[in-house]
Amino acid sequence: MEKVIVEKSRGIIHVRIYRPEVMNACDGETYNAIADAWDELENDPELRVGILSGEGRAFCTGTDVRWVKSPDAEGFVDRLYPRMLTLSKPVIAAIQGHCNGGGLEQALGADIRVCTEDAHFGAGEIRLGWIPGGYGTQRLPRVIPLGPALELLYTGGRIGAQDAYRLGLVNHVVSQDQLLETCTQIADEIAKSAPLAVQKMKTTVMQGLDMPLPQAVRLEKESFDFLMRTEDAKEGALAFSEKRAPNWKAR
């Protein structure tokens, strides 16, 4: 049975972790299949945005601890998380139930996070004698305030959906029956935007976060100037003046 189910429609790739019997804990095969899907998102010009979700009552409980004991586990973080770090196209995480450990790190690797009312979040690696290996120590303090991030990392504790929303970890808290609908609506809106501009927007924002402001402003100017020379910039202005939907060419 497939451990990851991939569906594509209207420029959206939906990647669903399918290991409900272990609450979507990931082994090497699962991690690699997710990385393959993100490679496809990045390299297929017809794909514009990704959605990541889990089957059953969990988003993802992280790495399958039983599998980690096997010889195959060495280097298991070396492919998926670097791939998510370099994606130029947006990913939306649809989170229900458990979102812990490597599951939280995958959610942190997404651009937008939507969760259900019963979702809860944690970084439990410390209780196993580990630290996060999928950039959790770096991403979490960049998404939520440092104090709450350190408390989660040091204690292995968990927070619920409302605290996650209050801290800015998730964008929306919705009911279970609205989860994928909300994520798909957001993805559809992104897919209406100019594809090159969306990619430049993401890379400019993400790179700029780690730059001093004057350098980040120069990066924005470079991205702006690049886009203004594209066919899509001309098409966008023309479509607006003609009151019609633009016909993006991604060039």
Next on the checklist: Which count do you get for residues in the stretch 16-36 that are surrounded by fewer than 22 Cβ atoms within 10 Å (Cβ to Cβ) and under 18 Å from Arg79 (Cβ atoms)?
Outcome noted: 7
Checklist entry - Of everything in the stretch 71-84 that's of a type in the set (A, V, I, L, M, F, W, C) and either modelled with pLDDT of 95 or more or surrounded by 22 or more Cβ atoms within 10 Å (Cβ to Cβ) (or both), which residue is farthest from Pro20 (Cα to Cα)? => result Met84
Checklist entry - Which residue pairs have Cβ atoms under 6 Å apart, sit 6 or more places apart or on different chains, and have a first residue in the stretch 5-19 that is under 14 Å from Ala93 (Cβ atoms) and a second that is in a strand (DSSP E or B) and among the charged types (D, E, K, R)? => result His14/Glu7
Checklist entry - Yes or no: Thr155 within 18 Å of Gly109 (Cα to Cα), hydroxyl-bearing (Ser, Thr, Tyr) and surrounded by fewer than 17 Cβ atoms within 10 Å (Cβ to Cβ)? => result no
Checklist entry - Does any residue of the stretch 161-169 turn out to be of a type in the set (Phe, Trp, Tyr) and closer than 22 Å to Ala58 by Cα? => result yes
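Looking at the structure I just gave you, is Gly147 in contact (Cβ under 8 Å) with a residue 60 or more places away in the chain, assigned to a helix (DSSP H, G or I) and assigned by TED's automatic domain parsing to the domain that holds Ile17?
Judged against the criteria, Gly147 is not a match.
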Next on the checklist: Can you pull out every residue in the stretch 1-25 that is farther than 15 Å from Glu40 by Cα and in contact with a strand residue (DSSP E or B) (Cβ under 6 Å, 6 or more places away or on another chain)?
Outcome noted: Ile17, Tyr18, Met23, Asn24
Checklist outcome for this item: Taking the stretch 85-115 and the residues there that are β-branched (Val, Ile, Thr) and surrounded by fewer than 23 Cβ atoms within 10 Å (Cβ to Cβ), the one that is farthest from Asn171 (Cα to Cα) would be Thr86
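The values are calculated or read from the model by the stated rules, or taken from the named source; none is laboratory data. Please read all numbers here as calculations on a predicted model, not as lab measurements. Cβ: placed from backbone, ideal geometry, glycine included. Neighbour counts: every protein chain shown.
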